[in-house]
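Input: a single structure, listed below in structure tokens.
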Amino acid sequence: MTRTGRIGLKVGAWGLCLLPLLVLTYRALTDDLGANPISFVTNWLGQWSFRLLLASLALTPLRILTGFAWPLTFRRLLGLFAFFYICLHFSVWVVVDHFFDWDEMLADIVKRRYITVGMAGLALMAPLAATSTAGMVRRLGGTRWRRLHRLVYVIGGLAALHFLWLAKAGRQDPYAYAAILTLLLGVRLADALRRRLLAPVERGRP
Amino acid sequence: MLIKRAPDFKASEITDYRLYLNRRQFLVGAAALALAPSAAAAAAAPTGQPLKAGRNAVYSLDEKEKVTKFEAATTYNNFYEFGMEKEDPAKLAHTLKPRPWTVQVDGLVQRPKRFEIDDLLKFPLEERVYSLRCVEGWSMVIPWIGFPLASLLTQVEPLGKARFVEFTTLKDPEQFPGQKPSVLSFSSIEWPYVEGLRLDEALHPLTLLTVGMYGQVLPNQNGAPVRMVLPWKYGFKSAKSIVRIRLTEEQPKTAWEKAAPQEYGFYSNVNPTVDHPRWSQASERRIGEFMRRKTLMFNGYADQVGSLYTGMDLRENY
């Protein structure tokens with residue numbers, strides 16, 4: 001791919017990742033957030049974070065299935081935007097929803113399992129965001145960095161549980177998100193098993 | 001003297017709700033034209049069929065409690081017969097035909113009776129401002145129009161054996177798209193929607209059989225043409241679009257008790273000290289307000305209804 005092509009793609013990816021925030025801002029300015037704006041904003045930010053997380057997790061399976069490796073250059077961008085949206089989601093919960101009522105929020109984190117897993121997911125995302133730079137990859141070394149960043153699978157699972165447990169009985173979209181996550185992880189798992197079976201000699205190499 | 005009056009209009013005269021919902025678009029178009037603004041304004045006004053009723057001052061809230069905007073109360077609510085999202089009822093409710101409509105009142109009564117909707121509108125109607133608390137943690141203040149359910153039950157003369165009242169919502173997938181079976185949806189609710197009360201709860205003066213809100217007949221999405229309003233219980237206890245009221249000896253099995261018994265009990269009284277298994281009920285967001293507010297015992301109606309539950313373990317009987 002040419003340099004201009006790469007730059008064009010990067011700009012496009014930034015634009016797409018920022019689009020949910022722009023749409024939200026536009027809807028806020030035009031008084032189009034419905035009767036319960038705080039709930040609307042919270043759900044919007046949480047859902048977009050989850051979607052971007054799933055998008056970042058979809059790139060490796062995409063390479064496995066199609067052979068296209070170039071989308072992998074967007075993995076960090078998507079992951080960081082997922083973190084960006086989850087930080088906004090969390091801020092709305094702290095500032096707008098509970099207005100710094102720490103006692104109430106702490107009680108909720110302990111008592112409400114959907115909040116417990118949500119907080120755990122956020123806490124696990126922070127070190128991944130912090131170690132996302134090329135310098136940090138170098139400092140940690142590839143193997144350790146990769147091992148640390150496998151946490152993203154745990155984060156995906158926590159996000160799915162968070163959504164499943166907060167939704168009212170009967171809603172289907174949390175199951176759809178969980179199914180997509182399972183599918184994406186399944187492709188990786190199948191690929192790892194396949195490689196193990198096909199190349200048994202490589203395992204013993206130093 | 002309360003005004004008794006049967007509405008004298010044809011169903012065709014009711015503004016199509018889709019048109020009503022599109023009034024913003026309509027106004028934008030009209031403003032752009034700017035040729036006949038008065039005609040546009042007349043067509044765009046929220047024109048539900050007016051329903052007159054004197055306000056009963058006994059059932060009002062503190063003056064500080066502002067009535068929720070009509071637009072919010074009619075575009076943000078749960079009515080699973082139309083779909084799972086709170087925006088669904090307003091979008092899809094045009095399929096419901098609230099006329100003609102009959103409510104069958106039977107079971108353990110001396111005089112079972114079928115009430116046409118016009119019969120119900122002949123009861124002495126009154127307007128009452130109640131607060132409504134949803135189990136999801138939001139609340140509204142709504143001026144309802146109706147009459148005590150007790151007045152209706154007196155007419156059918158409950159038998160001594162009757163201990164409970166069961167309410168059934170219309171089951172008709174043609175009118176309620178949410179009731180249509182589909183491959184993808186595994187709806188948690190078993191249709192028809194069934195709700196229930198103890199007879200003493202049903203006879204309580206707060207218990208309102210409701211035919212209107214905001215000075216007009218009930219909009220389809222809010223449970224037209226007749227619904228219950230039970231302000232001390234979570235909103236889902238107030239059955240909508242009722243076709244049958246049955247008096248029973250056994251406690252009715254409600255739709256939500258069947259769907260999620262560990263989350264939704266028969267009583268479902270508003271209670272800030274008994275949490276939903278997955279979320280807190282200690283506070284709520286009043287629609288239209290920024291800050292959360294503390295939820296009150298029995299939604300603020302403890303003085304009126306507290307005695308119904310003396311000696312009962314409200315944690316056990318959630």
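All of the numbers you see were taken from the coordinates with simple rules; none came from a lab. What you see is a predicted model; the values in this text were computed from it and never measured. No Cβ is skipped: glycine too gets one built from the backbone with ideal geometry, and neighbour counts run over all protein chains shown.
Below, the figures for the structure above:
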item	result
0 to 90° range, to nearest 10: angle between helix A:173-198 axis and chain A longest Cα axis	10 degrees
Value of [θ]222 nm, deg cm²/dmol, for chain A, DSSP H segments ≥ 4, -39500 (n - 2.57) each, nearest 500	-26500 deg cm²/dmol
Electrostatic dipole magnitude of chain A [Cβ: Lys, Arg +1; Asp, Glu -1; Cα centre; debye, to 20]	1540 debye
Dipole magnitude (debye, nearest 20) for the protein assembly as shown, charges at Cβ of Lys, Arg, Asp, Glu	2740 debye
Mean Cα-pair separation over length for region A:36-192, i.e. relative contact order, pairs under 8 Å, 6 or more apart, %	26 percent
Low-density loop positions, trypsin sites (Lys or Arg not before Pro), region B:210-263 - DSSP coil, at most 15 other Cβ in 10 Å	B:Lys253
14 Å beta-carbon shell around B:Pro181, net charge (K/R +1, D/E -1)	-2
Cα-based reach from B:Lys64 at 15 Å (exclusive), listing aspartates and glutamates while leaving out same-chain residues under 8 positions away	B:Glu289
Projected-area average for the protein assembly as shown over all orientations - Cα convex hull basis, square nanometres	32.4 nm²
Note, ³J(HN,Hα) from phi for region B:251-258, Karplus 6.51, -1.76, 1.60, rounded to Hz, x at Gly and Pro	5, x, 8, 7, 4, 6, 5, 6
Viscosity 1.306 mPa s, 10 °C: Kirkwood-radius Stokes-Einstein D of region B:192-318 over Cα pairs, µm²/s	100 µm²/s
Amide hydrogen neighbours beyond the local backbone of B:Arg163, cut-off 5 Å, H modeled	B:Thr248, B:Glu249
Residue-by-residue Karplus 3J(HN,Hα) for region B:223-233, coefficients 6.51, -1.76, 1.60, Hz, glycine and proline x	x, 4, x, 8, 9, 8, 9, 10, x, 8, 10
Positive-end extreme of charge dipole, region B:48-309 - chosen from B:Gln251, B:Leu199, B:Val58 (charges on Cβ)	B:Val58
Distant-in-sequence amide H partners of B:Gly212 (H built 1.01 Å from N, under 5 Å)	B:Ile145, B:Leu218
3J(HN,Hα) from dihedral phi, region A:94-111, Karplus parametrisation 6.51/-1.76/1.60, rounded to Hz, x for glycine, proline	6, 8, 8, 6, 10, 6, 6, 7, 4, 4, 5, 5, 4, 4, 5, 4, 6, 8
Volume per residue that the Cα convex hull of region A:36-192 spans, once the total is divided by residue count, Å³	129 Å³
Under-5 Å amide H pairs with B:Ala239, H placed in peptide plane, nonlocal only	B:Met228
Within-11-Å neighbourhood charge of A:Ser56 [Cβ basis; K, R +1; D, E -1]	+3
